[in-house]
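The values are calculated or read from the model by the stated rules, or taken from the named source; none is laboratory data. As the structure is a prediction and not an experimental result, all values here were calculated from the model. No Cβ is skipped: glycine too gets one built from the backbone with ideal geometry, and neighbour counts run over all protein chains shown.
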Amino acid sequence: MGKRIAFVAVIAIIAVGVYFFMSTDGNGEDDSTELPEAEELMQSAAVNFDSANTFQMELRQTGTPTQITEVLDNPIYFDRADAVFESPDRIGGLVNVLFGEIAAEVGLRVIGNEQFLKSPLLTADKWQTYTLAAGFNGGDLLSPEKGISTALVSIENPEMVGREEIDGVTVYHVRGQVDAKKVASITVGLINTDAGLIEIDVFVRTRDDFPARIVLTEPAMVGEDGTPLEPTVWTINFHSYNQDLEVSQPEDVVESDELLGAGEDDVTDDTEG
């Protein structure tokens, strides 16, 4: 009798193990068919995001490009950015911009309200103070008024689209609309739309309810000649939460309201050649 009970217990343990393996796809991911409620998932994702001391983010843009500044009356457009956030208010990384026919890489630091840039082309390869995103503070990412978590819990008409995969990571996909004023920090203050509702897609990791990706689609605009423009789409990926990441204070900073940059002849020669 005792051997029979032991045998049954072993079978039960194996069955539970097989069920767990099948339901999580063998890698800890929740692969059950039941989906969480969209609003509850956004609440959980917001709490988890605010708990992070550090993370990495990748900011990408497609569609109509966003002008972020100009040099010698030549517009500079945003291309992409890779950055690290260190709580409470530090951001550091690299921003790729388009300056005429030239693609330039710009070092970026945001320490509280201060913004610093460094680029061979735009700042003579020196760190200098320069406001790239007016009114943006590094702490805005976790701010109760402007933070990413606030945007998540403020989504209107959230819809659970389903379960998907991003780069091999299983995620829940939620879609809705959000007040444009609440998503400025997600694009580090670079988004043009500052009023009305915009489309938002949020992808949350099933294994721990941390945001993996946010996609913002700005309303389509019309060009100066009346031609419809492609909507600007921002894709922001998040990863490496609570890793050993650090954003240092720039040294030997030049105080200037204007980009140091290259001379006008240098810019013209580089653009034409």
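One table, with the values for the structure above:
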read-out	value
Meets criteria (modelled with pLDDT under 95 and in a loop (DSSP other than H, G, I, E, B)) for A104	no
Residue match in segment 17-29 (condition: loosely packed, with under 11 Cβ neighbours inside 10 Å, at pLDDT below 80 and under 30 Å from I214 (Cβ atoms))	yes
Residue under evaluation A212, criteria (1) out of contact with any Leu (no Cβ under 8 Å at 6 or more places or on another chain); (2) surrounded by fewer than 18 Cβ atoms within 10 Å (Cβ to Cβ), criterion not met	(2)
Scope segment 154-173; condition charged (D, E, K, R) and assigned to a strand (DSSP E or B); matching residues	E156, E159, R163, E164, E165
Matching residues, segment 115-153, being under 17 Å from the mean Cα position of the chain (by Cα), assigned to a loop (DSSP other than H, G, I, E, B) and of a type in the set (V, I, T)	none
Count of segment 53-82 residues which are surrounded by 20 or more Cβ atoms within 10 Å (Cβ to Cβ) and either free of Cβ contacts under 8 Å to residues at least 12 places away in the same chain or of a type in the set (G, A, S) (or both)	1
Close pairs from segment 202-223: first touching a residue at least 24 places away in the same chain (Cβ under 8 Å), partner acidic (D, E) and part of a loop (DSSP other than H, G, I, E, B), Cβ under 8 Å, at least 6 apart	T206/E29; T206/D30; T206/D31; R207/E29; R207/D30
Restricting segment 116-162 to residues that are of a type outside the set (A, V, I, L, M, F, W, C), in contact with an Asp or Glu (Cβ under 8 Å, 6 or more places away or on another chain) and within 18 Å of S44 (Cβ to Cβ), the residue that is surrounded by the fewest Cβ atoms within 10 Å (Cβ to Cβ)	S154
Subset of segment 181-195 that is surrounded by fewer than 19 Cβ atoms within 10 Å (Cβ to Cβ) and not polar (S, T, N, Q) - its residue that is farthest from L59 (Cα to Cα)	A195
Test: residue in segment 113-133 that is at pLDDT below 95 and within 22 Å of T235 (Cα to Cα)	yes
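This table checks each residue for (1) in a strand (DSSP E or B); (2) at pLDDT 95 or above; (3) within 26 Å of V47 (Cα to Cα).
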site	(1), (2), (3)
Q177	yes, yes, yes
I191	no, no, yes
E199	yes, yes, yes
Y241	no, yes, yes
E246	no, yes, yes
D265	no, no, no
T268	no, no, no
